[in-house]
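The values are calculated or read from the model by the stated rules, or taken from the named source; none is laboratory data. Computed from a prediction, not measured in an experiment: that's the story for all the values here. So basically every Cβ, Gly included, is an ideal-geometry build from the backbone, and we count neighbours across all protein chains shown. For the accessible areas, the whole protein counts, side chains as well, though only heavy atoms, and no ligand, DNA or RNA atoms are used. Shrake-Rupley method; radii C 1.70, N 1.55, O 1.52, S 1.80 Å.
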Amino acid sequence: MSTSITGIYGFSNNTPNNSMVSPNFEKQQEKVLNHPQPNEPKKNTFNQQPFGDTFSKSPLTMIGLKYGENVWETGKQFVDSHFDKSENMLKKYFDLDSNYVISKLKRIFFPWKIQNWKRATTGNKNEKFSPRNDINSPDLYIPLMSFVTYIIIISLFYGIRSRFTPELFSRLTISGLVTTGFEILIYKFLLYLLNSNIHIPLLDFLAYSGYKFVAIILPTIVGIFFSAKLYLIILFITSISLGYFMIQTFRSIVDEYQVKIRNKNYILLGIFLLQILSFFFMGLTNI
């Protein structure tokens, strides 16, 4: 028998030629090939502009940017004007010379024979002369330099005794600032009790309170190189001098207002005692 198995079951070993393929089959094959696959993303046929271009050209965005520019210019003008005023006000407390520094130190340590404590005015009652032109005007140069010197001397004291630590600087700084801030609050409260119309600028209070660092340097140096007994003696003398200096300074300010003499003396006595207490606190707690 010459008939093959494939012939019996209807299969042929010969490859069908192109002429035997149905035209409908070719069309169906093209549809299948051109149809998008399930996992294939569809192409966006819309002609969209980039998001950045659309956002930047939005009218709402232009209004927002214009408003932001106006706010920026207004804030800049406000800061510049107020910074100039603050800068000019602060410069006045550093407008001094060597003659002022020497005379001021004499007043702090030897205030007993000084007669004139009243501040000079420029013609306008509310406007005072700078320290360069008025020895009774407060400054911030001497308190600032004295505060830094005080910290250095105390650090030297601890270094000589092998007790220095880096945290000492921050402790001394915080202690000095807190004590000064507490003093200023008490001064303002006492003067308010005396007369609510008494007005002293905050920087004036800061200068007056900062003069204690000038007076405390001398006993601190004595305590480092000499005995503790001599240190306490010098500390007591300088505290009395500084207290008298503060009494005369605030008396000259209070005299500009109508205040009863009896009440004035009580308040000045309170200022004197407060200055001595804070002075001893700084002198005894840090050494």
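Picking from residues in the stretch 219-234 that are over 23 Å from Leu140 (Cα atoms), touching a residue at least 24 places away in the same chain (Cβ under 8 Å) and not aromatic (Phe, Trp, Tyr), the one that is surrounded by the fewest Cβ atoms within 10 Å (Cβ to Cβ) is Ile224.
Count of the stretch 113-135 residues, restricted to those that are in contact with a helix residue (DSSP H, G or I) (Cβ under 7 Å, 6 or more places away or on another chain) and not basic (Lys, Arg), is 5.
Residues are listed down the side, and each one gets a yes or a no for (1) modelled with pLDDT of 90 or more; (2) in a helix (DSSP H, G or I):
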| residue | (1), (2) |
| --- | --- |
| Ser130 | no, no |
| Asn136 | yes, no |
| Asp139 | yes, no |
| Ile142 | yes, yes |
| Met145 | yes, yes |
| Ile152 | yes, yes |
| Leu156 | no, yes |
| Ser162 | no, no |
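State yes or no: is Ile216 within 25 Å of Tyr141 (Cα to Cα), assigned to a helix (DSSP H, G or I) and without any contact (Cβ under 8 Å) to a residue 40 or more places away in the chain? No; evaluated as a whole, the condition is false for this residue. Here Leu273 meets the list (1) open to solvent by 60 Å² or more (accessible area, probe 1.4 Å); (2) in contact (Cβ under 8 Å) with a residue 40 or more places away in the chain almost entirely, failing just condition (2).
All but one of (1) open to solvent by 60 Å² or more (accessible area, probe 1.4 Å); (2) assigned to a helix (DSSP H, G or I) hold for Glu256, so report the exception by its number. In the conditions (1) open to solvent by 60 Å² or more (accessible area, probe 1.4 Å); (2) assigned to a helix (DSSP H, G or I), Glu256 misses (2) alone. For beta carbons closer than 7 Å, sequence separation of 6+ or different chains, a first residue in the stretch 171-200 that is closer than 23 Å to Asn263 by Cβ and a second that is surrounded by fewer than 18 Cβ atoms within 10 Å (Cβ to Cβ) and of a type in the set (Lys, Arg), the qualifying pairs are Leu194/Lys264.
Please count how many residues of the stretch 164-201 are assigned to a helix (DSSP H, G or I), of a type outside the set (Phe, Trp, Tyr) and open to solvent by less than 90 Å² (accessible area, probe 1.4 Å).
15
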